[in-house]
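A short reminder: the numbers here are calculations on the coordinates, not readings from a lab. If you're wondering where the values come from, they're calculated on a predicted model, not measured in any experiment. Cβ placement follows ideal geometry from the backbone for every residue including glycine, while neighbour counts extend to all protein chains displayed.
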Amino acid sequence: MIAQASASALRRDAEAYQERILPAVSRTFALTIPQLDVRLRTVIANAYLLCRIADTIEDEQALPGDVKQQFHDRFTRVVGSTEDPASFARDLAPLLNGNTLEAERDLVAHTPAIIEVTEGFNLVQRESLARCIRTMCTGMPSFERHASTAGLASMREMDSYCYYVAGIVGQTLTDLFCDYSPRIAEQREAMSALDVSFGQGLQMTNILKDFWEDRDRGVCWLPHDLFAHVGVNLEDIRRSNVPAAFGKAYAQLIGVAHSHLRNALEYTLLIPEKEVGIRRFCLIALGLAMRTLASILAKPDFTAGAQVKVSRQVVKKIVIVTHLFAGYSRVLQRWFARMADGLPLQALASDWGGLLPDRRAAWPRSDSCGPAHAYTFK
């Protein structure tokens, strides 16, 4: 009995730490995760924090590439319960003395607490989280190690990069949502056709917003071939001299992201209307991304992400709309259509998981994007 009480107290402390650290490392997820039912809130917060530890390893500029890979491999084993989280944290935390934020260093130092929460989940949840981290820690570094201001070679490479850093998260969410609800699980096949696209839409929006900040640190995640096609060399771009052709190519990528976010809305509407918490979780992220794309399109000469960042007032409006109408699919379709008004739209076709279903006939707009992802650029 004493051992049981001690274990319960340890888990409560670990969950309390998880709740405290979340807003310190992500304002967006600190806004969306509390929308979830308590049975999902803890596991999805844990999933995010595990991914954030993986990101922290990769983002630390003071770590050589081979050392980063060693810690990625070790963290994969930690999440898979085959390595001690305490020794991992002791070895890594002191090395994060470059560009890592204090909150992120604290998170890494508390890896044992995060894993304490992970180990309390059921088998389906644990296996899904382990697969997510294994995929991310294997795929993400292969891109980060070769990153430069020249950009990625092609749109296909951009898709692959987005999968490893965000699409796998979309797949993990589907696993967790279906485990939570047998009713949601009935939609697994349809959701699985859209979840990677959902993740890519959100990631592409971040890439487009953060282009200049990424460039300042010597990396670019835009497809080189798309810009070369219009006569732009990504390595030559300067804030003081941005050619018009650059904005034209950028608008095409906004169209691609927009199409993926349409898939994100379809994904969200597959969630039963009564599951308003899950819908709000998805819709807030979706709304923020759509408004960010609109801001980028309206200011093609932006030179910093802060210039196209969604204002607090807009964030409040999105939260209010999702609270009022999360359970009303037709209203949400009209809301999305208003946000999409004026945004370019690129046709998508998929070769990375089967064709996405085309169920857009009921949308309150006549334009549609076909199944996602081999791109038709004009």
Non-local residues with an amide H under 5 Å from the amide H of L152, with H modelled 1.01 Å from N and Pro and chain starts lacking one, are L222, H224
The answer for the net charge of residues other than N97 whose Cβ lies under 9 angstrom from its Cβ, with Lys and Arg +1 and Asp and Glu -1, is 0
A convex hull over the alpha carbons of the range 250-302 yields, per residue, a volume in Å³ of 56 Å³
Residues whose modelled amide H sits under 5 Å from the amide H of N233, counting only those 5 or more places away in sequence or on another chain, are none
In order over the range 237-254: 3J(HN,Hα) from phi, Karplus 6.51/-1.76/1.60, θ = phi - 60°, whole Hz, x for each Gly or Pro, gives 5, 10, 4, 7, 8, 9, x, 4, 5, 4, x, 5, 5, 4, 4, 5, 5, 4
Semi-axes of the chain from the Cα gyration tensor (sqrt of 5 times each eigenvalue, largest first, whole Å) come to 33, 27, 18
For the range 55-150, the Debye formula with one identical point scatterer on each Cα and no solvent gives log10 I(q)/I(0) at q = 0.12, 0.14, 0.21, 0.22 Å⁻¹ as -0.38, -0.51, -1.10, -1.18
The range 34-77 and the range 275-302 have their Cα centres apart by a whole-number Å value of 24 Å
Computed ³J(HN,Hα) along the range 189-202: with the Karplus parameters 6.51/-1.76/1.60, θ = phi - 60°, integer Hz and x for glycine or proline, the list is 4, 5, 5, 5, 7, 10, 5, 5, 5, 4, x, 5, x, 5
The percentage of Cα-Cα pairs in the range 1-76 separated by more than 20 Å is 47 percent
As straight-line cross-link partners of K209, the qualifying lysines (C-alpha separation under 22 Å, not fewer than 8 residues apart within one chain) are K248, K299, K309, K316, K317
Mean separation of Cα contacts under 8 Å (at least 6 apart) over the residue count of the chain, i.e. the relative contact order in percent, is 15 percent
Ratio for the range 98-146, C-alpha Rg to 2.2 N^0.38 Å, reads 1.41
With -39,500 (n - 2.57) per DSSP H segment of 4 or more residues and division by the full residue count of the chain, the 222 nm estimate, nearest 500 deg cm²/dmol, is -20500 deg cm²/dmol
Along the range 142-154, Karplus-curve 3J(HN,Hα) (6.51, -1.76, 1.60; θ = phi - 60°) to the nearest Hz, with x for Gly and Pro, reads 4, 8, 4, 5, 10, 5, 7, 6, 6, x, 7, 4, 8
